[in-house]
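Quick notes on the structure that follows.
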Amino acid sequence: MAYTDEETGRPRGAHFAQPGEAPARRASVVKGPAPRSPRPDETAVFLRAATWRTEQPAPRFDPAATDAFDETNVFDEIAPEPYAPAGTGQLPSAGDRAPAPADATSSGAEEDDLTLSDYEQAGRSAGMMTVLILVSRLTGFVRTWAMGAALGLSLLSSSYQIAYNLPSMLYELVIGGMLITAFLPVYLEVRRERGVEASNDYVGNLLGILLVVLGIASIAATIGAPAVIWTQSFMSADAGQMDTAVYLFRFFAIEILFFGLGSVFSGVLNAHRDYFWSNFAPVLNNLVVIASFAAFYVMDEILHVPAFYSVTTLAVGTTLGVFIQMACQIPALAKHGVHPRIHVDFHDPNLRKTLALGIPTLAATICAFVTASVQNAAALSVQPETGASVVAYSRLWYTLPYALFAVPITTALYTELARDAARHDDDAVRTGVARGIAQMLFILIPFALYLIVFSEPLNMVYCVGKFDLEGVALVSEYLCWLAPALPIYGVCVLLQKSCSALMDMKPYAFSTVLGALALVGVCMVGGVTLGGGMPVIAFATSAFYVVAIVITLAWMRKRLHGLQLGTMARGLFFGIVLGGLGAAAGWGTLQLLQMVLGPMVIETAGGLVAAPILKTVAYIAVAGLVAMAVTFIPGVVLKLPEAGMFTSILRRFSRR
């Protein structure tokens, strides 16, 4: 997630510049153009975290070597920074960097310097990634819409969702969390310190080990499919209702291996600032799965073939989509001189370093698996057959504002928090965290209110094929109770990044364990035992994040010698007030449109039917723009620091 901070009196760090105010640049000791400065990013932080306890504290950054950064433009992509090799505990400057080994260019490919920041290239990459993310989200929506049309809200839909989500969950549980955390810093260190051949050897060894470990995991999951599916449906009265999920999962289990290999390919490409294929690959996956749903619909509704063949077509098509998402990245590796020789060496010191860096993430991945399992099982218990589908459909809208707004902010501010933490500037970190939380609340509280107000129109977009108005009502109710978790979800991830910047993930891991226990308790007791049903199961997500936030903030208050609660309260206040006004304006606009142009639900002789999808989408677009204008334009006019993201966007358009 993310955060920006733009309040008067920020002691240090250009990311606290006021919107519209040019950050002051520090004088450079070098004549001519200012040198490109190294930037701390997540790679550097994780590597420093591994050696923090045993090495000397990192020295403060040399101000003369550090360029100022305008944090108001949160869409500028952050390029990787050089980090210290294990055993140094500090970040080398550009001038201190050791010369490349003799074999550094032995691949014949033109070697890029992975330790230098390139802001011009970063800006181009950010623009490209923004377009690809939007395309991915659009095709992802079409994919969900196609699933609604083909499967509706049914037992088959729940079976598909459970079987489809399990491979990624198991991949994260087995090795994915560690791999995502640790691969990039180790790869960059090996490539810089030992050259291309050594880095290729590291990648080849890691791929070989993944083929063995994840291959065995995939086979075991295929054989033990009934037991794996049981973890998601253990509260269902009818044990046989998940037979289709078991059948589908036997096809999907191989995706555990595909996810592992694909994450390594993406990590290598991102290390070389090649972001196209890692961002475009999900689009190809979506297109293949959309075609699979279309084929299923034709076979099931038009040709009326036996269900075995249509379900098998869907299973094969979904698995093929994940395979293509992985495989399409392979040709791009050669362009960067990456030609790994696949082998297995469990004694490789780089492998031990990878495991050492990634093991602390196990607590979070275990908690994620447990909470998802309990919520799915509880949903199927209180709403047999369709409960898991309701959860899946609602999460599309729940995660959309986070992906579009919170992620860019988090990416940008995390870098500045890492820089301030490396300088031991607790005052700056404290201010950054407070302002980040304020901005997260200011942006995501309104969108949580929008989800509540527009829950029914949003889910009416699914209303085609087998997805009917009854399904719209069920998903809309769940979304209304899930929406309050959106802003605290953003804050929770912000605190996770803050703990990482402070190089101590234990408090956050402890808080997620207690948060998971809270979620399980609310689901089991409130949702199932006391009969609270789906609304309470949805609300349990908020319980998880509240517990995690309270515990992490308590630790952070002690670690940073205080918290700027007034700054956080300001973001909370304006988020509620302006968000409430915007939501009310959006609701009023929606009612006015229905009065003038016709309702979204039409009464016919055969019963109630939904209006055409394009009409519903147009209503949502108009009312949504009104809601956002009423909420965020006053923030820009009043020059609220929390509105810096929107100020930056408007400034960009005004320059065109």
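The values are calculated or read from the model by the stated rules, or taken from the named source; none is laboratory data. Just so it is clear, the structure is predicted and the values come from calculations on it, not from any experiment. Every residue, glycine among them, receives a Cβ derived from its backbone with ideal geometry; neighbour counts consider all protein chains shown. All accessible areas refer to the heavy atoms of the entire protein, side chains included, with ligands and DNA or RNA removed. Shrake-Rupley method; radii C 1.70, N 1.55, O 1.52, S 1.80 Å.
Please give, to one decimal in nm, the separation of the simple spin-label points placed at residue 557 and residue 305, each 7 Å out from Cα toward the Cβ.
The two pseudo-label positions are separated by 6.2 nm.
Quick one: net charge around residue 557, please, counting Lys, Arg +1 and Asp, Glu -1 for every other residue with C-beta under 15 Å from its C-beta.
0
In terms of solvent-accessible area of protein heavy atoms at a 1.4 angstrom probe, what is the ranking of 574, 308, highest value first?
Final ranking, largest accessible area leading: 308, 574.
So if R0 is 35 Å, what FRET efficiency would residue 629 and residue 517 give, r being the distance between their Cβ atoms, rounded to the nearest 0.05?
For R0 = 35 Å, the calculated efficiency reads 0.25.
Which FRET efficiency, nearest 0.05, do residue 227 and residue 154 yield, Cβ-Cβ r, R0 25 Å?
0.55
Using the Kirkwood formula on the Cα atoms of region 511-551, what hydrodynamic radius do you get, in angstrom to one decimal?
One over the average 1/r among Cα pairs gives 9.7 Å for region 511-551.
Kirkwood hydrodynamic radius of region 160-376 from all distinct Cα pairs, in Å?
After inverting the mean inverse Cα-Cα distance, the result is 18.6 Å.
Taking only the alpha-carbon positions of region 309-369 and ignoring solvent, what does the Debye formula give for the base-10 log of I(q)/I(0) at q = 0.12, 0.14, 0.26 Å⁻¹?
-0.65, -0.83, -0.97
Over the heavy atoms of residue 168, what accessible area does a 1.4 Å probe trace out, to the nearest 10 Å²?
Probe radius 1.4 Å; accessible area of residue 168 about 40 Å².
Keeping all protein chains in position, work out how much accessible area residue 385 exposes to a 1.4 Å probe, and write it in Å² to the nearest 10.
Accessible area, nearest 10 Å²: 80 Å².
Quote to one decimal, in nm, the extra length available between residue 550 and residue 622 on full extension: 0.36 nm per residue of separation minus the C-alpha distance between them.
Between residue 550 and residue 622, full extension yields an extra 22.1 nm.
Taking 45 Å as R0, compute the FRET efficiency from the Cβ-Cβ separation of residue 243 and residue 525 and round it to 0.05.
According to the calculation, E is roughly 0.90.
Using a 1.4 Å probe, what is the accessible area per residue for region 160-376, in Å²?
Value returned for region 160-376: 39 Å² of accessible area per residue.
Tell me, in nm to one decimal, what length is gained between residue 131 and residue 596 on full extension, where the rule is 0.36 nm per residue of separation less the Cα-Cα distance?
The span from residue 131 to residue 596 would gain 163.9 nm if fully extended.
Amide H neighbours of residue 601 under 5 Å, counting only residues 5+ apart in sequence or on other chains, H built in-plane at 1.01 Å?
611
List the equivalent ellipsoid semi-axes of region 167-293 in whole Å, largest first, each obtained as the square root of 5λ for an eigenvalue λ of the Cα gyration tensor.
33, 17, 11
Sticking with the crude label model, points 7 Å out along Cα→Cβ, report the distance from residue 276 to residue 573 in nm, one decimal please.
Taking the simple label geometry, residue 276 and residue 573 are separated by 5.0 nm.
So what's Rg/Rh here for region 365-404, counting alpha carbon atoms and using the Kirkwood radius for Rh?
On the Cα set of region 365-404, Rg over Rh gives 1.05.
So how do 454, 510, 323 rank on accessible area, 1.4 Å probe, biggest first, that is with the largest at the start?
The most accessible residue leads, giving 510, 323, 454.
Would you check the accessible area of residue 223, probe 1.4 Å, heavy atoms only, in square angstrom rounded to 10?
Approximately 130 Å² for this residue.
I'd like the Karplus ³J(HN,Hα) series for region 167-173: coefficients 6.51, -1.76, 1.60, θ = phi - 60°, whole numbers in Hz, and an x wherever there's a Gly or Pro.
For region 167-173, the Karplus-derived couplings read x, 5, 5, 5, 4, 4, 5 Hz, x marking Gly and Pro.
Rounded to a whole number, what is D in µm²/s for region 318-429 from Stokes-Einstein with the Kirkwood radius over alpha-carbon pairs (10 °C, 1.306 mPa s)?
Once the numbers are plugged in, D ends up at 81 µm²/s.
Please give the Cα centre distance for region 244-261 versus region 535-584, rounded to the nearest Å.
37
Measure up 506/639; 615/639; 466/615; 353/506; 497/558 against 26 Å on the Cα-Cα distance and list the ones that go over.
Among 506/639; 615/639; 466/615; 353/506; 497/558, the Cα-Cα distance tops 26 Å for 506/639; 615/639.
Given the Cα-Cα distance of residue 343 and residue 399 and 0.36 nm per residue of separation, how much length would full extension add, in nm?
Stretched fully, the residue 343-residue 399 segment lengthens by 16.3 nm.
How far apart, in nm, are the 7 Å Cα→Cβ label points at residue 168 and residue 212?
2.9
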